[in-house]
Amino acid sequence: MRGQVLEKQDGTLVVCVGQADGAQVGQVLDVIRHKRRIRHSRAGGPRYRRENVGQVRIVELFDSHYAEAEVISGSPKVNDTVELIRP
């Protein structure tokens, strides 16, 4: 399951994951930021890298597409990606 941080206010986030994605209250999600590489390979390698910048926990499901999450660690920003931690 993967979505995006849509809004951030006082340690609470609105994320674009919901019941239709299989989201459940209490799930912990990694927060990933995609950062542009300073140098990239002439062979056509990726120009971006994934950086784990924290974790959030779903505290409320609004509907089938959106949820509220609390920040557990790090400092997520709007447009970061949230992704379910796989065991």
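The values are calculated or read from the model by the stated rules, or taken from the named source; none is laboratory data. Model, not experiment: these values are computed from the prediction. Glycine also receives a Cβ, built like all others from the backbone with ideal geometry; neighbour counts cover every protein chain displayed.
Can you name the residue in the range 35-49 that is outside any loop (DSSP other than H, G, I, E, B) and surrounded by 10 or more Cβ atoms within 10 Å (Cβ to Cβ) and, of all such residues, is modelled with the highest pLDDT? Restricting to residues being outside any loop (DSSP other than H, G, I, E, B) and surrounded by 10 or more Cβ atoms within 10 Å (Cβ to Cβ), the top hit is LYS35.
Could you grab me the full set of residues in the range 19-34 that are outside any helix (DSSP H, G or I) and either on the phi > 0 side of the Ramachandran plot or under 14 Å from the mean Cα position of the chain (by Cα) (or both)? I'd like the intermediate steps shown before the answer.
Narrowing the range 19-34 to residues outside any helix (DSSP H, G or I): 22-34.
GLY22, ALA23, GLY26, GLN27, VAL28, LEU29, ASP30, VAL31, ILE32, ARG33, HIS34 - these are the residues of the range 19-34 that are outside any helix (DSSP H, G or I) and either on the phi > 0 side of the Ramachandran plot or under 14 Å from the mean Cα position of the chain (by Cα) (or both).
With the condition kept exactly as written, say whether any residue in the range 54-77 is assigned to a strand (DSSP E or B), surrounded by 11 or more Cβ atoms within 10 Å (Cβ to Cβ), in contact (Cβ under 8 Å) with a residue 12 or more places away in the chain and on the phi > 0 side of the Ramachandran plot. The answer is yes, given that some residue of the range 54-77 is assigned to a strand (DSSP E or B), surrounded by 11 or more Cβ atoms within 10 Å (Cβ to Cβ), in contact (Cβ under 8 Å) with a residue 12 or more places away in the chain and on the phi > 0 side of the Ramachandran plot.
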